[in-house]
Structure formats: structure tokens, C-alpha cells
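All remarks here apply to the structure that follows.
Derivation of every value follows stated rules applied to the coordinates shown; laboratory data play no part. Values in this document were obtained by computation on a predicted structure and should not be read as measured data. Here the Cβ is made from the backbone with ideal geometry for all residues, glycine too, and neighbour counts use every protein chain on show.
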């Protein structure tokens, strides 16, 4: 093929492409490939806005947030949101390595979401725990989550002497059902809430250092 033939082919391809782009009638018959398939996961505060997230947590007090999923994967998808709670030393999800927490989930929210659709759930939670007399350690008893009682026995957190907080972390990991494996796989997305536990006790202790502050009665061990 000589150079003149190449020029002719290039001219014809360019002209046809221009006609297709300029013609609304032709565009109706074209199917453009979709290249951006993704899932959105988010948390909103009690006013249904991205602010005022619960941080200073008081024992027995209920807090409200909203969890949302938006499906843009091109088909109806079966999701599982795994709820986990951790202290500063326990495993958490890693955005850099795209790995989930190694902790077992306390609860799972399973839901089908159609393509281009959004699912949202209001969530209410509260914590039951006890603290030592010196306010240096918090021992968790249970998490009340949307009417379910989740056992936190054996989980505790110590006061950070530098930041003066008792760290707690409520994590929501997104998992997706894979037909090939017949189970859920981590979808490399998570949202979380970071807490300062026993804030009421700590605040009172700071204001009145000469007294030992007792923030309510201690929690008795639950019968299972």
C-alpha cells in the first residue's frame, strides 16, 4: 500500500467520526462503553449532614448516624456491611494495602442494591462499659446497635496519656458477594467513627481533682 492510500484511509475515518459525533440521530444508535464502575460508601451525622459526628461518648447514651451505599457497578449487587469495634492496638482496615480488619464482625448488614440506586440506613448505637477507679482503663461490656445487643466482653482501652482520651473505633467495612467463590469478598471500602470514651468521667475528674468521681453504678456481668 502506497503513502497516498494511507492518507485516503485516514481522511475517510476522520470524516466518518466527525459525522457520527455531529449527528444526534446516529448517536441514538450508539452504545458507548462504561469504564467507571464503582461503589460509594458514606456516613452522615444525626442531622443527615457530613458534620457533628459523635465523638465524646457517654455510657448508656444513644447516638444516631446514617450509613449509605450507592451502586454504580452496572448490575444489581449483593452487599454486606460488617460492623467491627476496636481499640488502638487492634487490627483495623488499611486503605494503603486495601485490606480489611482481621477482627471478627460483631454484626452484618446484608442488602441488595440495584444499579444506579442508593440504599441508606439510620443507625442508633450506645455503649455499656465500666472504668477503673483511677480512670486509666475502660472495660467494655456490650454495644447496643439498632436494637441488637453485641457482646464486647474482653475488649478494653487504656487512657492515652498524651492526648488524654480513651480511644474507641466503630468500623463499617463494605463486602461484596462474588459468585465465583460463593461468598463475600472485601470491597476495599470502609467508613468509621473514632471516639473518646468515658468523656463525662474524664471531664468531671479534671474539674474536681480532689474528689474521686463515680459516673454511675458499675455494670454487672450480663447473663448469657
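Numerical summary
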{"quantity": "Packing-based order for 164-171, 141-148, using average beta carbon neighbours within 10 Å, highest first", "calculated": "164-171, 141-148"}
{"quantity": "Simple label model, 7 Å out from Cα along Cβ direction - residue 78 to residue 114, nm", "calculated": "1.9 nm"}
{"quantity": "Normalised contact order of the stretch 38-207, rounded percent, pairs of Cα under 8 Å and 6 or more residues apart", "calculated": "26 percent"}
{"quantity": "Contour minus Cα-Cα distance for residue 179 and residue 38 (0.36 nm per residue)", "calculated": "49.0 nm"}
{"quantity": "Dimensionless Rg over Rh [the stretch 38-207; C-alpha; Kirkwood]", "calculated": "1.00"}
{"quantity": "Using a Förster distance of 22 Å, the FRET efficiency for residue 51-residue 144 (Cβ separation, nearest 0.05)", "calculated": "0.35"}
{"quantity": "Distance (nanometres) between label positions extended 7 Å along Cα→Cβ at residue 96 and residue 133", "calculated": "4.3 nm"}
{"quantity": "Label-point separation, residue 61 to residue 158 (7 Å along Cα→Cβ), nm", "calculated": "2.7 nm"}
